[in-house]
């Protein structure tokens with residue numbers, strides 16, 4: 001009987017650990033944070049600019065390959081979102097292919113809405 005109780009207790013601890021790892025650590029209400037000394041910015045290209053050349057320039061300045069481009073429904077680039085320092089933003093603003101750069105505060109992600117469903121477990 002004692003070994004059965006220990007087995008049940010071990011199983012419950014394992015299940016509890018698995019469930020706990022699925023919980024958001026901050027309640028799911030905090031927006032992502034940029035690296036120290038950086039902020040998120042939205043970079044808008046000038047109309048008619050070569051977005052490939054401008055995108056390459058941005059990648060070189062901020063040191064990343066992922067610019068998080070946003071396109072409209074007709075697949076036209078609207079802007080990029082980047083993580084940058086103030087010095088990098090100054091460099092971006094001086095580029096002839098960039099219309100303007102604005103700081104971007106990401107919204108808080110939605111609260112975790114997953115729920116455990118009542119399902120029958122086959123035995």
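Specify the residue that is farthest from the chain's Cα centre (by Cα); the eligible residues are those in the range 44-66 that are part of a loop (DSSP other than H, G, I, E, B) and within 16 Å of residue 85 (Cβ to Cβ).
Just the residues of the range 44-66 that are part of a loop (DSSP other than H, G, I, E, B), to begin with: 46-50, 63-66.
Filter once more, so that each one left must be within 16 Å of residue 85 (Cβ to Cβ): 63-64.
Values: 63: 17, 64: 15 Å.
Among them, the one singled out is 63.
Does residue 49 satisfy the criteria of being free of Cβ contacts under 8 Å to residues at least 60 places away in the same chain, farther than 16 Å from residue 91 by Cβ and touching a strand residue (DSSP E or B) at 6+ places or on another chain (Cβ under 9 Å)? First the steps, then the outcome.
Details: free of Cβ contacts under 8 Å to residues at least 60 places away in the same chain: yes; farther than 16 Å from residue 91 by Cβ: yes; touching a strand residue (DSSP E or B) at 6+ places or on another chain (Cβ under 9 Å): yes.
Yes.
Where a number appears in this text, it was derived from the coordinates with a stated rule and is not lab data. All of these numbers come straight from a predicted model, not from anything done at the bench. Glycine gets a Cβ as well: all are built from the backbone with ideal geometry, and neighbour counts include every protein chain shown.
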